Structure formats: C-alpha cells, structure tokens
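Below is one structure; the comments refer to it alone.
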Amino acid sequence: MKKVLVARRAPAAVVEKLASHFDVDLHQGEVPLAAGELRARLQGMAGAYITGTERITAELLDACPDLRAVCTMSVGYNHIDLAACTARRVLVTNTPDVLTESTADFGFALLMATARRMSEGERLLRDGRWKSWAWDFLAGSEVHGATLGILGMGRIGQAIARRGRFGFGMKVVYHNRSRLPVDTEAELGASYLTKEALLRQADHLILVLPYSAESHHCIGAPELALMKPTATLVNIARGGIVDEEALADALRENRIAAAGLDVFEGEPRVNPVLLTLPNVVLTPHIASATMPTRLAMAHLAADNLVAALTGAKPLTPLNPEVIPA
Ligand code: 8YV
C-alpha cells in the first residue's frame, strides 16, 4: 500500500476515504509541523495532503524522493514551489471553484463591516463606551452605489463583482494581468482600468489576486498615496501583497479611511500597530470558512490524491504536464 501524509487535521470522512486506499500517517496537532518535522514525516511517502500552512520547497522535495503528489486543500498555492515540483515530476493539485462563492461572500462581508465601522461599534458597545446618539456617531462610508475596485479578476474577483454590481448597484472597475473578454466584462458590468486608475477611482478596493514574487507588496506606500482619503482597502488574498508597515502608516494618518484584513504578512502574527488602530477590521484568515465549503475543499484535495496515486485523472491539477499519458 502506498503511504501518504495528511499534514493537518482533516474531516473523519476524508481520512477514512484516504485510508481505504493508502497507509495514512495523520498529523493530529493543531500546530502545523515545522519544516524539519514535515521532512521527517514525509520520508517514504508517495503523497502529501497539505493545506496553506505547509511549505513545499525544492529542498524538501530533494529530501523526499518518493513523493509523487502534493494535494493542497487551498486554491492558493504560493506555499508550493510549483516549478520545482514539475521539474521532479511531482503532481500538484489545489481546490479551485468549490470555495469561490463563500470566499466572495466573506470578501463582501469584510468590505461592509469595514466601510460601516461594525467592529469599531461593537468594541465600543462591549466596552460600555456607548453613551448616546450623535449625528456623526460611527458614520462610515456608503457601499451601495459606490465604486468597487477589484484587483485580481479571477473566479473570486468575478463573484465579488456580481455581488457589487447586482446586489448593491455599485460601479465595478478592475485591474488584472490580462483583461477579461469583452462579453465577460459586459456580463459582470465591470470596466477594465490601469492599476493606477483603479487606485485613484475606487471607493472600496478589494484585493483578490494570487500571491507571487510579482505581486509581493504590490500595494505599498506609492499605491496607498494614490487612493482616496475616504477609501476602504480589503485584503482577502495573501498578506504579502500589502506592505503592512506602509498600510499601518496610511491608516494611522487617515490617508485612507479604513482597512479590512483577513490575511497577514507573517500570520498568525499580526503587525502590532494594526492591532491598536480603530479603523481596521481584522479576521483570522477565514474567508473560505463555512462548513460546507471546507468539507468540499477537503474532499476535493483527497479525491485528487487518490486519483494521482491510483493512475486516475486528478480533478484539478496545477501541473497536468507531469501526468503520464
Ligand atoms: C484556506 C485559502 O483557508 O484556499 C486558499 O488559498 O487561503 C483559504 O481558503 C487556507 O489556505 C487553508 O489551506
């Protein structure tokens, strides 16, 4: 029987499914395996079921020559050196599609919570600081009818565009590495802008682009300086896309109005300055966290692993070129 490592706690049905095909080593702890532990646990393993918290590097692959498939329970795969996997003929799969709508729901929720100052209001209420009504008490910015800027117009970006356009009557503008086909733009009611124009025009800017060396700190001091002082910034992509120091400065000096962050550069560590600022809504990387979605992601990752190691066709491969013809 082939051996596989399940590197994080997974639903019982998923572990059972994997155990019916493989000899499974399950890491039960709540804390991810450290790099050295992961390397040790992967010795002799043909497959790895991982999440966004395990890094798959060229060095790790060289130390684990039996590894043939890495299946991540995440759509993002910046934690995996895909080129190194492909060069070593290690199949990599992710979990697209199944999380699109719930992640878009959360992106919109975070945008609204941020623009309408919900966390600030709840903190004030819970702390017993709610004294009275005033005309400008916790007055935030408008969501309906505002200009929604989307940076990264993949599946999740498009699902957010639909919510903004058809749910809230927003003007939707976007920037993406490649422009969408004209009929998709028309269907979404979204207009393409340069990154600079997007930064200047958005009342609410939501980041949904993949993280890579290219997108590292693609929102930094110069980009924040282009945004409206009344603007909201929401990040549900990856922390490293935003220069957190620059963002903290901009928020402290009210150069933008507010930010909603679900992801952080060094998560689970959060920049201590952000923790002190009232105009930031902070959530612990939960954009895809609904039970049905997480179950769908876990099953898809497991189904990919079963297919990859039993000669069947994986459902969502990232490097299909390594699959034998
Ligand atoms: C996951 C995510 O919660 O899918 C992704 O890329 O960021 C989240 O949905 C996380 O990565 C768990 O693997």
Qualifying residue in the stretch 114-123 (condition: crowded, with 19+ Cβ neighbours inside 10 Å, within 16 Å of the ligand (Cβ to nearest atom) and of a type in the set (Ser, Thr, Tyr)): no
Which members of the stretch 187-222 meet the condition of being over 26 Å from THR100 (Cβ atoms) and among the charged types (D, E, K, R)? GLU196, ARG200
Pull out all pairs, ordered by first then second residue, where Cβ-Cβ is under 8 Å, the residues are six or more apart or on different chains, the first lies in the stretch 298-316 and is surrounded by fewer than 20 Cβ atoms within 10 Å (Cβ to Cβ), and the second is β-branched (Val, Ile, Thr). HIS299/VAL14; ALA312/VAL306; LYS313/ILE323; LEU315/THR93; THR316/THR93; THR316/THR95
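So that you can scan it fast, the table gives a plain yes or no per residue for (1) crowded, with 20+ Cβ neighbours inside 10 Å; (2) over 23 Å from ALA298 (Cβ atoms); (3) of a type in the set (D, E, K, R):
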| position | (1), (2), (3) |
| --- | --- |
| LEU67 | yes, no, no |
| ARG88 | no, yes, yes |
| ALA109 | no, no, no |
| ARG126 | no, yes, yes |
| PHE137 | no, yes, no |
| HIS144 | no, yes, no |
Which condition from (1) outside the structural domain of VAL143 (by TED's automatic domain parsing); (2) in contact with a helix residue (DSSP H, G or I) (Cβ under 8 Å, 6 or more places away or on another chain); (3) farther than 29 Å from GLU30 by Cβ is the one that THR310 breaks? (2)
Residues of the stretch 25-76 being within 13 Å of the ligand (Cβ to nearest atom) and acidic (Asp, Glu), in sequence order, are GLU54
Matching residues in the stretch 43-63 - criterion: being hydrophobic (A, V, I, L, M, F, W, C) and either touching a Ser or Thr at 6+ places or on another chain (Cβ under 8 Å) or crowded, with 24+ Cβ neighbours inside 10 Å (or both): ALA48, ILE50, ILE56
From the options ASN279, ASN254, ASN319, residue that is within 18 Å of GLY47 (Cα to Cα) and either out of contact with any helix residue (DSSP H, G or I) (no Cβ under 6 Å at 6 or more places or on another chain) or buried (at least 16 other Cβ atoms within 10 Å of the Cβ) (or both): ASN319
The one condition in (1) part of a helix (DSSP H, G or I); (2) in contact (Cβ under 8 Å) with a residue 24 or more places away in the chain that ARG255 fails to fulfil: (1)
Quick one: VAL98 ticks every box in (1) within 30 Å of VAL4 (Cα to Cα); (2) part of a strand (DSSP E or B); (3) aliphatic (A, V, I, L, M) except a single one, so which number is it? (2)
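The values are calculated or read from the model by the stated rules, or taken from the named source; none is laboratory data. If you're wondering where the values come from, they're calculated on a predicted model, not measured in any experiment. So basically every Cβ, Gly included, is an ideal-geometry build from the backbone, and we count neighbours across all protein chains shown.
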